[in-house]
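Peer 1: Could you have a look at this structure, given as C-alpha cells, before my questions?
The values are calculated or read from the model by the stated rules, or taken from the named source; none is laboratory data. Fair warning: this is a prediction, and the values are worked out from it, not measured in the lab. Don't worry about glycine lacking a Cβ; one is built from the backbone with ideal geometry, like all the others, and counts go over all protein chains shown.
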Amino acid sequence: MKARPLKIFGFLSVVLFLASCSHEKPFVDPQFIYAQPPSLGAGSSATGETDSPLRLGDTFSFNNPQQQWTVTGIDAGKVSWRNNAGDYLQTTMSTLLPPIRWGGSGTDLASGWSRLEHSESFPIELSKGYKFSFTEKRHSVRPPDITTAVWDCAVGGTSLILVPAGKVEATEVICDRNGREKIMLNYAQSLGHYVRQVIATDNGPVVRELVAYARAKK
C-alpha cells in the first residue's frame, strides 16, 4: 500500500487513548474505550480537518484487544465508528488524536467526551521533525471524572513496515503525555489511520497492530 501526502488542518488524531491525566489513576487507552452514539453536545469540540482517505464502511480490525471498528458516518469534520460489540466512538477527521466521544451498549466500562485544544503550532503537516502539542480535557461520565492531559508530539520518518494486515508505508509519530507516558504510532497516510500503536509501561511495551483492513467500495 502506497501512502500519499497528508495535511492536518486542526489537530492530529489516535487514537491514542489513555487515562491518567492530571492525576494518578489506572491507565486506559482511549482507542480501547467504547463510544456512545455519535451526537455531540454543548461543550465538546469537533476539531481537525484533513484530506483523509476514510470512507463510509471502511473496516479496521486490531489485536490487543481484538476489535473491529467500522466507519459509520463522516460529517462536519467528525468520524463516527461502531465496533463488533455494538459500541460507538467519535473522532475528529485526524484519527491520531484521542476520541472526542465514547460509550455504547456493548460495555458499561466507560463513557464520556473530550475537548481538544490546540496550540499555536497548528495547522501542521506530517513532515519529519515537525513538533506539535495539544491539550485534552477529558470528561468521563461513567465513571464520573474530569482530567486534563497535555500532549507533546514529534513526527518521525516514513518507512515501509510489516503488521499482521500486511506491508504498508507509515509515518512514525511519538507523543509524550503529561511528561510521564510515551506513545508511538505508525500512521498509514494511505489508510487514514494508524496501523501500529506502542505504549511504554513499567512492565514493557504494549503493542497494538492492524490485523485486517477492508476498504469500502465507492
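Peer 1: Using the structure shown, decide if Gly43 is surrounded by fewer than 23 Cβ atoms within 10 Å (Cβ to Cβ) and modelled with pLDDT of 70 or more. Don't jump to the end; show me each part of the working.
Peer 2: Working: surrounded by fewer than 23 Cβ atoms within 10 Å (Cβ to Cβ): yes; modelled with pLDDT of 70 or more: no.
Answer is no for this residue.
Peer 1: Separate question: May I ask you to verify whether Asn203 is at pLDDT below 95, surrounded by 15 or more Cβ atoms within 10 Å (Cβ to Cβ), over 17 Å from Thr70 (Cβ atoms) and among the polar types (S, T, N, Q)? Show your work before the answer.
Peer 2: Details: at pLDDT below 95: yes; surrounded by 15 or more Cβ atoms within 10 Å (Cβ to Cβ): no; over 17 Å from Thr70 (Cβ atoms): yes; among the polar types (S, T, N, Q): yes.
No, not satisfied.
Peer 1: Could we say that Gly112 is at pLDDT 85 or above and surrounded by 16 or more Cβ atoms within 10 Å (Cβ to Cβ) here?
Peer 2: Working: at pLDDT 85 or above: yes; surrounded by 16 or more Cβ atoms within 10 Å (Cβ to Cβ): yes.
In short, yes.
Peer 1: What number of residues in segment 61-80 are part of a strand (DSSP E or B) and either in contact with a Lys or Arg (Cβ under 8 Å, 6 or more places away or on another chain) or surrounded by fewer than 24 Cβ atoms within 10 Å (Cβ to Cβ) (or both)? Please lay out each step first, then the result.
Peer 2: Initial filter on segment 61-80 (part of a strand (DSSP E or B)): 61-62, 67-75, 78-80.
Subsequent filtering for residues that are either in contact with a Lys or Arg (Cβ under 8 Å, 6 or more places away or on another chain) or surrounded by fewer than 24 Cβ atoms within 10 Å (Cβ to Cβ) (or both) retains 61-62, 67-75, 78, 80.
The total comes to 13.
Peer 1: Considering every residue within segment 127-146, establish whether at least one is among the hydrophobic types (A, V, I, L, M, F, W, C), touching a Ser or Thr at 6+ places or on another chain (Cβ under 6 Å) and surrounded by 21 or more Cβ atoms within 10 Å (Cβ to Cβ). Even if it seems obvious, please write down each step before you answer.
Peer 2: Taking segment 127-146 and keeping what is among the hydrophobic types (A, V, I, L, M, F, W, C), we get 132, 134, 141, 146.
Subsequent filtering for residues that are touching a Ser or Thr at 6+ places or on another chain (Cβ under 6 Å) retains 132, 141.
Next cut, surrounded by 21 or more Cβ atoms within 10 Å (Cβ to Cβ) only: 132.
Yes, that holds for at least one residue.
Peer 1: Looking for something crowded, with 17+ Cβ neighbours inside 10 Å and not in a strand (DSSP E or B) - is there at least one such residue anywhere in segment 159-167?
Peer 2: The answer is yes, given that some residue of segment 159-167 is crowded, with 17+ Cβ neighbours inside 10 Å and not in a strand (DSSP E or B).
Peer 1: May I pose another question? So is Val207 in contact with a Ser or Thr (Cβ under 9 Å, 6 or more places away or on another chain) and touching a residue at least 60 places away in the same chain (Cβ under 8 Å) or not? Give the derivation first.
Peer 2: Values: in contact with a Ser or Thr (Cβ under 9 Å, 6 or more places away or on another chain): no; touching a residue at least 60 places away in the same chain (Cβ under 8 Å): yes.
For Val207, the condition - in contact with a Ser or Thr (Cβ under 9 Å, 6 or more places away or on another chain) and touching a residue at least 60 places away in the same chain (Cβ under 8 Å) - is not met.
Peer 1: How many residues, within segment 173-189, are surrounded by fewer than 18 Cβ atoms within 10 Å (Cβ to Cβ) and out of contact with any Asp or Glu (no Cβ under 7 Å at 6 or more places or on another chain)?
Peer 2: Of the residues in segment 173-189, 4 are surrounded by fewer than 18 Cβ atoms within 10 Å (Cβ to Cβ) and out of contact with any Asp or Glu (no Cβ under 7 Å at 6 or more places or on another chain).
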